[in-house]
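Okay, so here's the structure we're looking at.
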Amino acid sequence: MIKAIWIAEKDLRQFFQFRQRFLTTLILPVLMLLVFSFRFQGLPLQEAPVAVLCQGYSEIELQVIERLDESPAIKLIRSSDISQAQNMLSAGNLYGIVIISSHRDGVDCTITVILDDSNPILAQSVYGAIEQAVKDVNEKIGGIRMKTNFLYGSGFNYVNFLVPGVLAMTAMFGCAFQMLTLVWERSLGTLDRILVAPVRPRSIILGKTLAGCLTGFSQTILILILAHLVFGTQIGSIHLVLFVIFLTSFTFTGLGVLVSGICRDPREATAYNQIINWPLVFLGGVFFPIEMMPAPLQYISRFLPLTYATDALRSIMIRQASLEIKVIFDILVLTLYATTTLALGSKILLKVFAR
């Protein structure tokens with residue numbers, strides 16, 4: 001029993017001495033509480049831009065517009081051109097369009113709501129605000145019929161929203177765990193034996209990079225096929241989706257190379273991976289849109305590579321986008337991350353190999 005206590009004491013002392021591992025156990029729970037506690041305090045509950053179009057100015061139309069304008073959940077934008085409003089909705093500048101069509105007698109009307117269903121959580125929030133406004137007017141006046149159309153035909157389907165984020169996350173974790181093998185080989189001395197062989201250090205780095213990239217890519221492709229077969233997830237441009245997945249794998253392989261160059265011990269590398277990867281999952285828009293987070297966290301999300309990988313895949317798979325400006329921008333950001341991290345990580349590893 002005494003020896004067991006000694007062993008436990010030794011392990012606990014190592015745990016607290018290993019600062020990165022200790023901080024990980026504190027940072028991750030706090031981050032989870034912070035993100036999920038503020039989940040519903042972002043844009044969907046205040047001033048989500050919605051366009052309204054009406055044919056006339058009957059009493060019932062004015063009542064509906066007034067009630068919508070009073071709603072704190074949406075920011076009403078008056079428009080007279082349905083084509084312009086739909087273009088703004090497709091571009092992501094609006095979350096919804098409300099078309100009010102009153103009948104000849106001016107006593108009753110039909111309200112048509114068009115929602116951007118590429119983001120079902122935000123769409124449902126906007127729809128709830130419009131529905132509540134219409135319900136309030138109906139209780140006073142009555143005679144309002146409401147129908148809903150979706151821009152991309154997905155409706156409030158959360159799976160379609162979730163799949164692109166899960167694909168990006170799978171690529172990230174697959175590459176990160178594969179690159180841990182480099183740290184293991186350094187700690188076990190296997191890498192020293194490889195360096196003795198007539199193999200250039202740059203070739204070793206390139207081989208490890210390709211292995212990590214292909215590991216994340218292949219795992220992600222399996223998830224994509226499964227999502228398509230089981231859930232009927234639309235893929236869009238398959239060539240563009242595969243390119244973004246490969247670029248995402250390349251990006252996070254670069255991060256893995258950087259971590260492998262900094263860390264000497266596998267436990268240290270695992271701690272760094274946790275510190276990097278899990279905040280990316282919570283703040284990268286995988287499970288819920290970043291617009292639902294407080295403004296400070298939204299700004300942080302804009303600097304994370306997973307945000308751009310997820311956004312590009314959602315644009316291609318849900319919105320059926322091609323190489324438009326938004327997708328090109330996401331690709332450029334991922335390329336910048338990939339080249340920067342791979343260059344820094346390779347430079348550090350070359351110095352390690354030269355020792």
Which of 208/351; 208/326; 75/147 have a Cα-Cα distance over 28 Å? 208/326
Counting other C-beta atoms within 10 Å, which of 349, 229 has the fewest, and how do the rest follow? 229, 349
In Å, what Rg and Dmax follow from the Cα atoms of the stretch 43-150? 12.8, 38
If you consider only alpha-carbon coordinates, what radius of gyration and Dmax does the stretch 68-126 have, in Å? 12.6, 37
Using unit Cβ charges (K, R positive; D, E negative) and no other charged atoms, how large, in debye to the nearest 20, is the dipole of the stretch 158-354 about its Cα centre? 460
Would you pull out the residues with amide H under 5 Å of residue 48's amide H, same chain only if 5 or more places away, H placed 1.01 Å from N? 74, 75
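What whole-number volume per residue, in cubic angstrom, does the convex hull of the C-alpha atoms of the stretch 116-225 give? Intermediate values should be presented prior to the final figure.
Working: hull volume 13.5 nm³, N = 110.
Hull volume over Cα atoms, normalised by residue count, gives 123 Å³.
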So for 287, 231, 250, fewest C-beta neighbours within 10 Å to most, what's the order? 231, 287, 250
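Values quoted throughout were computed directly from the atomic coordinates according to the rules given, and no laboratory measurement underlies them. Since the model is a prediction, treat every value here as computed from it, not as a measurement. Using ideal geometry, Cβ is built from the backbone for each residue, glycine included, and neighbour counts are taken over all protein chains shown.
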